[in-house]
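Notes follow once the structure below has been shown.
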Amino acid sequence: MHFWTNSRKVALAGAVLGVLVLATEVGAQTRKRPAPAPAAPAAGPYVTARPAAALQNKQLVLETTLGPIVIQLDAAAAPNHVGFVLDQAEAGAYDGTVFHRAVAMGIVQGGDPISKDPAKTALYGTGGLNRVKREPNARKHLRGAVSSVLVPNKPDSAGAQFFICLTDQPALDGQFDVFGEVVEGLEVAEQISQSPLDANGKLTTRIAITTASVRDTPPPTAAPFAETAVEELAQYRATISTTMGDIVIGFAPDVALGHVRNFLRLAQLGVYDGSGFHRVVPKFAVQAGDLSSRPAPLTQVQRKHVGTVKGEFNPLKHEAGIVSMARGDDPDSASTSFFICTAASPSLDGKYTAFGRVLQGMDVVAAIEQAPLDGEAPRTRIGITKVTLTKGAQ
C-alpha cells in the first residue's frame with residue numbers, strides 16, 4: 001500500500017496537467033486544422049429522446065485490444081450524456097476508435113470518431129465534440145470515474161470523447177461532468193495509461209475499442225464462498241504451488257468460519273498467485289501472502305474483495321503444520337498474509353486465528369525454513385506460482 005501512495009501523488013499532478021493541456025491543444029488544433037464536424041442536431045444541443053426508465057441501470061462494455069472495460073452509467077447524474085453515449089454505442093460509433101491520450105496512472109482518453117482513421121493522428125482529440133450541454137452534478141472525479149471531454153472555455157461542448165480517472169482528480173471537480181464509473185477492468189485502463197507516449201501525451205501505438213455494447217446492469221452477486229455452508233467448506237483443499245514444491249492445506253471452518261471464507265475467496269480470485277514467502281523465522285514460522293510480495297497490482301475485482309477479518313480466536317493450538325493469519329496490533333486486522341507454524345508456539349494461542357493445517361508438503365515447508373536469509377527475508381525469492389482449490393472428503 002505504501003508503494004501506491006507515492007505513485008498516486010505523482011500521477012495526480014500529471015493527470016490534472018494532462019487534461020488541461022489537452023483542452024488547450026484541442027482549441028489550437030481546431031483553429032489551425034479544423035476537423036470535419038459531425039452533423040449537428042436539428043434543434044440545438046443534444047437532448048435524449050429515451051424515457052428516464054430506459055436510461056437507468058445500463059452498462060457500457062468496451063472490448064479493447066487489451067481486455068474489457070465495463071462502465072456503469074449514471075443517468076441520474078447526467079441523463080443527456082448517458083443518452084448520447086448509448087446512442088453512440090448502439091450506432092457502432094465507438095467501434096474501431098482508439099485511446100489516443102494518457103497520463104501514466106493518471107487518465108486515459110478515448111472516443112474520438114476521427115481516431116478510426118490511422119492517417120489522421122494529428123487530429124486525434126478534435127472530433128466528436130460540441131454536442132452535449134453541461135450537466136453539473138455532485139459526482140467527484142475519483143479513481144474509476146468516467147467524465148466528459150470539453151473544448152476549452154466552452155462548458156457546453158461535450159460529446160463522444162471521454163476520459164477515465166485512474167487516480168482521484170479533485171482539481172477537475174466542477175469543470176467536467178462525470179457520467180459513469182468503471183466497475184470492471186480498471187487494470188486494463190491502467191495498462192493503457194502505461195503504454196508508450198509521445199512528448200504531447202499521445203499514445204504511439206493503437207489500442208482500440210474493437211466493439212462497444214450496452215447491457216443491463218447485472219444483479220448483484222454474493223462474494224465467493226460467502227454463502228457456502230460449513231460442511232462444504234470443510235471439504236476444500238488448497239494446493240499452494242511454490243517454487244520449492246507443493247503444500248496442501250485443509251481448513252477448520254467450524255472454529256474460524258470468516259477466515260476460511262476469506263482465504264478461499266482470495267485463493268479463487270488469484271490474489272495469492274504471484275505472491276511469495278516474505279518472512280522466515282526458523283523453528284517458528286514461514287509467512288506468505290503479503291500484497292507487497294506481488295510484482296503485479298491487484299485487479300479491480302480482486303481489490304474489491306480484499307479487506308480485514310474479525311478475529312476468531314479458537315482452541316486450535318499453534319503447533320507445527322498449523323496455518324494461521326498474520327495481523328497487526330488490532331486483533332481484527334487480519335487480511336491476506338498467513339503463516340505456517342514450523343514448531344509449537346503456545347505464545348500465539350488465543351491471540352492469532354488458526355484456520356487450517358498442512359495435510360501434505362511439510363517437507364516443502366521445512367525447505368523454505370532452511371533457505372538462506374537476509375535477516376528474516378529469503379535471500380532468493382520463494383514464489384507462490386498458484387493456489388488451486390479442490391474438494392474432497394474430510
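Checked against the criterion of being touching an Asp or Glu at 6+ places or on another chain (Cβ under 7 Å), more than 17 Å from Ile249 (Cα to Cα) and hydrophobic (A, V, I, L, M, F, W, C), the candidates Ala334, Ala371, Ala344, Ala377 yield just one match: Ala344.
For region 213-233, does any single residue satisfy the condition of being farther than 21 Å from Met325 by Cα, surrounded by 18 or more Cβ atoms within 10 Å (Cβ to Cβ) and at pLDDT below 95? No, there is no match, as no residue in region 213-233 is farther than 21 Å from Met325 by Cα, surrounded by 18 or more Cβ atoms within 10 Å (Cβ to Cβ) and at pLDDT below 95.
Residue-wise test of (1) more than 17 Å from Leu389 (Cβ to Cβ); (2) crowded, with 19+ Cβ neighbours inside 10 Å; (3) β-branched (Val, Ile, Thr); (4) over 24 Å from the mean Cα position of the chain (by Cα).
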| position | (1), (2), (3), (4) |
| --- | --- |
| Ala238 | no, yes, no, yes |
| Arg261 | no, yes, no, no |
| Ala288 | no, yes, no, no |
| Pro295 | yes, no, no, no |
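Thr121 passes every criterion in (1) surrounded by fewer than 19 Cβ atoms within 10 Å (Cβ to Cβ); (2) under 13 Å from Ala158 (Cβ atoms); (3) of a type in the set (Val, Ile, Thr) apart from (2).
This table checks each residue for (1) modelled with pLDDT of 95 or more; (2) among the hydrophobic types (A, V, I, L, M, F, W, C).
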{"site": "Val286", "(1), (2)": "yes, yes"}
{"site": "Gln300", "(1), (2)": "no, no"}
{"site": "Ala344", "(1), (2)": "yes, yes"}
{"site": "Asp349", "(1), (2)": "yes, no"}
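For region 42-67, residues that are out of contact with any helix residue (DSSP H, G or I) (no Cβ under 7 Å at 6 or more places or on another chain), open to solvent by 40 Å² or more (accessible area, probe 1.4 Å) and touching a residue at least 60 places away in the same chain (Cβ under 8 Å) total 4. Looking at this structure, is Ala371 of a type in the set (Gly, Ala, Ser) and touching a Pro at 6+ places or on another chain (Cβ under 7 Å)? Considered against the rule, which asks whether it is of a type in the set (Gly, Ala, Ser) and touching a Pro at 6+ places or on another chain (Cβ under 7 Å), Ala371 comes out as yes. Which one is farthest from Ala76 (Cα to Cα) among residues in region 162-193 that are β-branched (Val, Ile, Thr) and not in a strand (DSSP E or B)? Only one residue fits best here, namely Ile192. Residues in region 306-327 that are within 22 Å of Ile384 (Cβ to Cβ), part of a loop (DSSP other than H, G, I, E, B) and open to solvent by 10 Å² or more (accessible area, probe 1.4 Å): Val306, Gly307, Thr308, Ala320, Ala326, Arg327.
Between Pro196, Pro224, the distinction of being over 25 Å from Thr126 (Cα atoms) and not acidic (Asp, Glu) belongs to Pro224 only.
For region 173-212, taking the residues that are over 20 Å from the mean Cα position of the chain (by Cα) and on the phi > 0 side of the Ramachandran plot, the one that is surrounded by the most Cβ atoms within 10 Å (Cβ to Cβ) is identified as Gly201. Every condition in (1) without any contact (Cβ under 8 Å) to a residue 24 or more places away in the chain; (2) part of a loop (DSSP other than H, G, I, E, B); (3) within 24 Å of Gly392 (Cα to Cα) holds for Ala296 except the one numbered (3). Pairing each residue of region 130-151 that is β-branched (Val, Ile, Thr) with any residue that is open to solvent by 20 Å² or more (accessible area, probe 1.4 Å) and modelled with pLDDT of 95 or more, provided the two are 6+ apart or on different chains, yields C-beta distances under 6 Å for Val132/Tyr46; Val132/Asn80. Of the residues making up region 121-161, those that are assigned to a loop (DSSP other than H, G, I, E, B) and of a type in the set (Lys, Arg) are Arg131, Lys133, Arg134, Arg139, Lys140, Arg143.
Does region 48-77 hold any residues that are farther than 18 Å from Ser213 by Cα and touching a strand residue (DSSP E or B) at 6+ places or on another chain (Cβ under 9 Å), and which are they? Passing the criteria: only Ala77.
Among the charged types (D, E, K, R), at pLDDT 95 or above and open to solvent by less than 30 Å² (accessible area, probe 1.4 Å): is that true of Arg101 in this structure? Spelling it out, Arg101 is indeed among the charged types (D, E, K, R), at pLDDT 95 or above and open to solvent by less than 30 Å² (accessible area, probe 1.4 Å).
Residue-level check: of (1) open to solvent by less than 20 Å² (accessible area, probe 1.4 Å); (2) in contact with a helix residue (DSSP H, G or I) (Cβ under 8 Å, 6 or more places away or on another chain); (3) not polar (S, T, N, Q), His81 misses just (2).
For region 361-380, the criterion of a residue being under 19 Å from Leu264 (Cα atoms), assigned to a strand (DSSP E or B), of a type in the set (A, V, I, L, M) and in contact (Cβ under 8 Å) with a residue 40 or more places away in the chain is satisfied by no position.
The values are calculated or read from the model by the stated rules, or taken from the named source; none is laboratory data. Keep in mind that this is a model prediction, so the values were computed, not measured. Counting neighbours? That spans all protein chains shown, and the Cβs are built from the backbone with ideal geometry, glycine included. Remember, those area values only see protein heavy atoms, side chains included, never the ligands or the DNA or RNA. Shrake-Rupley method; radii C 1.70, N 1.55, O 1.52, S 1.80 Å.
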